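In what follows, a structure is listed as structure tokens, so that the remarks can point back to it.
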């Protein structure tokens, strides 16, 4: 594998940078902090909630999570300042009691976007399912728009067959329980996760994507971009957490996702060693890795917290100029999307979706 | 049937962009291919494809045309539907002209539309599935969707109508679930179950059975029986993420699949044999994206790929991986038994050799002609146990009674290295290791005895193989040797029974070599080894614990010229003699069998290499004792073994270290004495001294006298606690308190007291 690191490469004529206020801890944003979508992490004690949060958003090594103390109060983690996607993660202690009068379910479930319920696959999950049913029933009464996600966690410890088996069983029983309670309209999503591989990142990506209203637009932009640039697969990454906030329509393959994650790590590590700037990742960062199976990995910075990682065949990379130009168009379009979002948050009643489709300017050279 | 004779043809469809999907028209005369920047219709000709329509003539860069899926209306040959990456569903009418061709567009899906499918009988109805988790039903008479099913929060990847139950369809989604709906009662799904642990990318209904095949990211294709409740019928494990599946018409058990990544081929699987494709088409140079059978013709498969080509594959041109596979297998069990299984070959007719009594044995009855149904083939399995008397294996050995270390220590104590002959040494050591339940070691000693116990053999240089027949001979001999010591695991009668069964089934002595040997053993007939099916080809593979059994080469084996055959018989007769000799003597002396020099051909396999490998293996699995002891015992014969000096030296050090750790000083010293390495021999001279430290300053006492500390210039630490004089001879001390003195004095003192004379430490404890 040959490796070329083109960090701090000059970007040619298109060097004007993005408006810096893409929603990163900008002061007007702090005001409506409460309106930000909330992700609740719930589940029995010792099921791995805090570990998930630490590994995904705080870059903790999975092995270190063994020493995490158990959480005894609700830990609110604001993913606002460090990351492009804006939400709060509330990590609940396992032994939380809904009957407790201090538990304000209206407040908690009211502004909640997604509820992640973590079930330990290696444990007996009868208790977990009972608790899950209670939680979902309660939450649904307060806020019927909550997305319910079930993480069947710690699957690294069980064999492929039993993985399948527990997923089936949990799925079956959870849906049965809910239809018994008369809530068959609730949609549940199930994810098999483990903090020791990238499955937790992928599952979290899917959860976060559901909270991004601009997702269809982002996907469309990516589709246009890759079809015009001869790229096989493109991910739009949140650099800090390495979750992808959008990808094109072709199926996501675990290996390519892992490769792209690793590439971000490599690029950031190398640039923090050699970069003269303070920030390891800035708007000029780009990186190129040629794999020995005639595949090229190409990373471009979209803005301070977003990176586009593309996988393409070597022969298509001959037209790097076209790709770069298309990328700039793509970047502009994303900029417009998020400008709209900013405007939309300022004038709440403005309709985002209507004006969106006009904004991407997909001019293409061939 | 002209189509049967047609061969594989291909067509390059465009320069830029590739096809994502392919669909066959109702009358199987045309295909539609759709991709990011193309949508074309080709008519299938006998010798190729002719482009009949290009629906994307202009250079329009409209995302609505960048198609993910294309489907042909099953009732009207002019109607096509495509699903675009931006969620737009387009309906095309081929009978119209120009821009009119695009009949309708529905842009209702928020995210990418993955699949579109028409109702099998009602031409106006079609369903589409999208990444936004919805399934929408459209009526061509209507400009909006008829209804929307919110299936899941995950994307819907494929939708297929059931061919058996009208109005029922299956939808598979990215979270691994399969859902069944009835379009008349779409509010509630009929059935929902989790089918895979990863996203499901495709599904296909069996044309006649009520079976649904699903292909997933977990690299499996699963066949579900959809009667009442879904139950898993078959699972096929492929090597890559499954992209498309398609049942083969007219063949109940066959299904074609292509991968989404890695694998460019189209495989046709027989679901009853889930580990190896029945047939493969390997023409594509990039990932195959769409496959379709030509109507009801099971002989022709069309496929399109990311290499921008479409192929029409003739089934007769497919490669059959099973024909190249090795139908025999053998493996050693953990206790040293051998399991061997093979295909009971349906032999092609064979010319009968004349003028020899062997011919009767060689003759075979013409058996059932070969069919393409591989599963008819019968197979036989033999479990062979090493005969306890000849090896270390003994069923009643109280194995497990000894701990691993006990065995090591016991062997270390009892092994001998020098005796009158090497054979005696080996035999004795083999018994010793057997006693301690170390069967591998015992077997190895026996091996050594066999190979190096006799002078004739050791002096012989291994001769390389010269010809095929030579090799055959050798194989045969090799085969016969271990088998002499093998025995059917259950009992002789059992073996006899099973052999007879084979016998009656075939009506002739049509076994492969191994079964025949047994047969003759049991019925006391002379062994004749005239067939070399399943020879042990490469003894080097012993290292991995496997016996490699070479591929069937029946044609070569049976079409040998007369001379070779004759020659073979002679060789075989040699064996016969040897065998009788051996049986007569009925001794343990297996060496006589190995008096190979009387046979004109000399073994080609290299015993030295095998032994060396065995020793290496033994050392690798954590037993350095056996290889080292064998090496030491071998004496001069060790030079035959191709083991490099460094390894042996390393073994020496390791073993000596091990012995010393178990405080087997005597054995360690013996090994050091027997070694021929300078570095090992020196061990006896160096590090024999015990260093002492001064009790006051903790520095090591250097210099010639042991009682004077050169650092603090005192002799305090070496004074006797009883007489307070400096000890100049043997000094004994208590390790607990550090006080000591003259051996004599201390001895006397402790006969009366139990505490230290100086500090009152309970030294005797």
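Coordinate-derived values only; no laboratory data. The structure presented is a predicted model; accordingly, all values stated were derived computationally and were not measured. Here the Cβ positions follow ideal geometry from the backbone for every residue, glycine too, while neighbour counts run over all protein chains shown.
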Taking Cα pairs closer than 8 Å and at least 6 residues apart, the relative contact order of the stretch B:18-138 in percent is 18 percent
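Which of the peptides B:188-196, B:658-666, B:285-293 is most tightly packed, and how do the rest follow, judged by the mean count of other Cβ atoms within 10 Å per residue?
The peptides rank, most packed first, as B:285-293, B:188-196, B:658-666.
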Of all DSSP beta bridges having both residues in the stretch A:38-210, the percent classed as antiparallel (nearest 5) is 15 percent
Output field shielding_mean for A:168-175 (other chain Cβ, 10 Å radius) holds 3
When B:114, B:18 are ranked with the fewest other C-beta atoms within 10 Å first, the list becomes B:18, B:114
Taking R0 as 25 Å and r as the Cβ-Cβ distance between residue B:187 and residue B:124, the FRET efficiency 1/(1 + (r/R0)^6), rounded to the nearest 0.05, comes to 0.70
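Using only the Cα atoms, work out Rg/Rh for the stretch B:719-765, with Rh taken as the Kirkwood radius, to two decimals.
Rg/Rh for the stretch B:719-765 comes to 0.92.
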Note on the stretch A:38-210: contact order normalised by length, alpha-carbon pairs under 8 Å, 6 or more apart, percent, works out to 24 percent
Projected onto their principal axes, the Cα atoms of the stretch A:38-210 stretch, largest extent first, over whole-Å spans of 41, 41, 29
Percent of all Cα-Cα pairs per 5 Å bin for the stretch A:198-260, counting from 0 up to the last occupied bin, reads 4, 19, 30, 27, 17, 5, 0
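Between residue B:164 and residue B:713, what length comes free when the chain is fully extended (0.36 nm per residue of separation minus the Cα-Cα distance, one decimal in nm)?
Extra length from residue B:164 to residue B:713 when fully extended: 187.1 nm.
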For B:180, A:254, ascending order of other Cβ atoms within 10 Å (fewest first) is A:254, B:180
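Neighbouring Cβ atoms within 10 Å as the yardstick, rank A:151, B:451 fewest first.
Ascending Cβ contact count within 10 Å gives the list B:451, A:151.
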Between the modelled labels at residue A:294 and residue B:419 (7 Å from Cα along Cα→Cβ) the distance in nm is 6.5 nm
Per residue of B:188-199, other chain Cβ atoms within 10 Å number on average 4
Within 10 Å of the Cβ of an average residue in A:211-217, the count of other chain Cβ atoms is 2
Expected sort for A:300-308, A:170-178 on mean C-beta neighbours within 10 Å, highest first, is A:300-308, A:170-178
